[in-house]
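Structure first, then comments.
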Amino acid sequence: MKKLFMLLAVMTVFSASAYAQTVDISGDVSNGKTVEVTGLEDGFYDLTATCKNTAVSADTYLYGESAGYTKASTVLPLSQDGVTVTVKGIGVSGGKCEIGVMTDGNSVIEISDVNLEKSEEFNFITGGDMTEVNYIESLGGEYKDSDGNKVDVFEYLADNGVNMARIRLSNTTGKGTGDGTYYLPEGFQDEEDCLKLAKRAKDAGMGIQFTFNYSDYWSNGTRQIIPSQWAKQIKEELGYDVKDADFLNSMTDTQKKEIQDKLVTIIYNYTYDIMSKLKAQDTVPEYVSLGNEINGGLLFPFGNAYAANMSKKDLELTFESDKDYEEIKQYGFVTCDDEMAYLIEFLKSGYKAVKDVSPETQVIIHFATEGENGSIKDSRYTWIFDEFVKKGVMDEIADVLGASYYPAWSNSTASAMADFCERMYAKYGKPVMIMETGYNWNPTRKDGYQGQLVDIDAYKDIYPPTQEGHAGYMAELFNELKGAGGSCVGVLYWDPCMIHVEDPEKENASLSGWAIRESDDKNDANVVENTTLFDFDGKAIKSVGVFKNSMNSEKKNGLSGNVTTDGNKVSATVTNNSSSEKKANLYLAVYDKDGVLTNVKIDSKSVQAGGSVDLSIDGDLSGIYKTFLWNGENFAPIN
């Protein structure tokens, strides 16, 4: 059973005045209560508290709530010594709000140093990558709630706190469009599929982060393969085969520049076209990223951020320090020059196309992070962003800085990531979006083999690869980033939905995989099936509750109010939070001792936009009765 635990101390600070309340509740607090803070100036507030918590539960959270706004909350992370917990952007109207801690009663919690400070509206993004959903469903995969009931995954996750869908667009998918060894499944992750995904996301009430891979295949810091249709266009219009390694090694500077100028135009036209199609179906993205993990640049070898060799075998940048360098070396290389100038032109072209369709959409430049001695290595970002600043183009290519953060690969904690966000925000004046993160809820895939992530020393004894450990990591991550001084706009989990789909012909094997082999056209392993938000049977894991209870405060666009009784009088004060006039109805239904309805009384009044009315009914309340508060327009209950 959920129980409310009183905060030990409350301090409210706003403008030139202050409010403080101290409550002594030492000892048993199992029947504790919340605190109402009054005398507040309407607006938005940040709530912080030092918290000790012996166990993580999605149902244990710090929150603030006021009439006219939905609840804002943060799940309490695990902490033996005390950690600052932050709830940002609590909406306050009517000069008061309720603050408290909700708990399932299964942990020992101590709260101190509670502060409520005037701030600004803040909506923290708790999203995830939804790109694989249509593909998984085509294989027969089913998504279920924690009780095993089949659900629409977009609607289910949206109802449980996943407020933004990342959708990654690959230009053309199918056999022959990958890296020569693997390819992505035809008909998925392409334009038609991504438009459908965007519609599903928007219909479910999610925001959209739309990624232009500018590739037919997986792209990252060392692999940025020119889309096959773009290569075809260049060959038809310019006569150059940019898929021919020998040509790439022998082309003249004039030929290279001709191709690069053509790519600038192609990027603009392609980006503008897709954005226009998104707009036409009312799914304009709130955020767009130009490329995926573009540490090495875009469209190799024409937009490289630095000089390097690209393997002829798989078109990936290769370095002498790579463990398989000698094996790759035998296939030969394509020499990639430093093409920073054209990388900038590519990004400017994409940025302009996005803004020409939707000026409000925020554009992200996305890089992978690297850890160093427990911290996030700044130089992975600063070396290239400093170049952008020096050339005066930072504001022409990015509004938000994107970062992939995996504890397994950076060997750093969520606290280190929060510190990194604050440093980047202070240096460049642009907030950070965590574009990818992931954590194991099972040590291995269902077939017993290791997935793509491993345990790190900092977390392995704190958050083991279990559902409880996964929830602990997510709670800590959300809290640390909310507490990063507004430098982080949110988190997009990867991959919540690329679940295991049981192969009926091979026990514990999955029909879903990260890519399809060119050699036999069969899926390779699903390396993320033990990190998704659904277990091997498709049932939601415990971390979904962490998303659900990491809520933002939103204005209620309708009527709000509560019914009270005093003697033989029923009363209610109803507030209209919308921009138009509404009608409020208070009902009193009286029943005889057998439960038969004997009388109904109604008080009904119109409520002006932004206003309030008082409703009341006198009646005999000595017997059986019920009260109802209804919206007169649609008879929806008011709460």
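The values are calculated or read from the model by the stated rules, or taken from the named source; none is laboratory data. Just so it is clear, the model here is predicted, and its values are computed rather than measured. Cβ sites come from the backbone with ideal geometry, for glycine too, and all protein chains shown count toward neighbours. These accessible areas exclude ligands, DNA and RNA; they are computed on the full protein's heavy atoms, side chains included. Shrake-Rupley method; radii C 1.70, N 1.55, O 1.52, S 1.80 Å.
Here are the numbers for the structure shown:
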| read-out | value |
| --- | --- |
| Ratio Rg/Rh, restricted to segment 503-621 and using Cα atoms, in which Rh is the Kirkwood radius | 1.37 |
| Sparse-neighbourhood loop sites, GluC sites (Glu not before Pro) in segment 336-422 - DSSP loop, at most 16 other Cβ within 10 angstrom | 360 |
| Enclosed volume per residue, in Å³, of the convex hull spanned by Cα atoms of segment 555-606 | 92 |
| Computed over segment 497-569, Cα set: Rg, Dmax in Å | 23.1, 81 |
| Extended-chain gain in nm, criterion 0.36 nm per residue less alpha-carbon gap, residue 322 and residue 450 | 43.9 nm |
| Exposed chymotrypsin sites (Phe, Trp or Tyr not before Pro) absent: longest stretch of the chain, with sites in DSSP loops and at most 16 other Cβ within 10 Å deemed exposed | 1-305 |
| Spatial separation of Cα centroids for segment 273-318 and segment 405-463, in angstrom | 23 |
| Translational diffusion coefficient (Stokes-Einstein; Kirkwood radius from C-alpha pairs) of segment 38-100 at 4 °C, 1.567 mPa s, in µm²/s | 106 |
| Contact order normalised by residue count of segment 264-376, Cα under 8 Å, 6+ apart, percent | 39 |
| Å³ per residue enclosed by the Cα convex hull of segment 316-439 | 148 |
| Relative contact order computed over the chain (Cα-Cα under 8 Å; 6+ residues apart), in percent | 14 |
| Förster radius 22 Å - calculated FRET efficiency between residue 104 and residue 159 (Cβ-Cβ, nearest 0.05) | 0.65 |
| Where no second cysteine Cβ lies under 4.7 Å, the cysteines concerned in the chain | 51, 97, 194, 336, 497 |
| Taking segment 98-213 and dividing mean pair separation by its residue count, relative contact order in percent (alpha carbons under 8 Å, at least six apart) | 26 |
| Stretchable slack from residue 38 to residue 503, in nm (0.36 nm times residue separation minus alpha-carbon distance) | 161.5 nm |
| Accessible solvent surface per residue of the chain, calculated while the other protein chains remain in place, 1.4 angstrom probe, Å² | 41 |
| Segment 421-523: trypsin sites (Lys or Arg not before Pro) falling in loop per DSSP and having at most 12 other Cβ within 10 Å | 506, 522 |
| Residue 373 paired with residue 337, simple spin-label distance in nm, labels 7 Å along Cα-to-beta-carbon | 3.8 |
| Sulfur and carbon atoms: percent of accessible area, the chain [1.4 Å] | 45 |
| Across 175/312; 312/352; 352/391; 277/313; 235/312, pairs whose alpha-carbon gap is larger than 26 Å | 312/352; 277/313 |
| Pair residue 358, residue 395: separation of 7 Å Cα→Cβ label points (nm) | 2.3 |
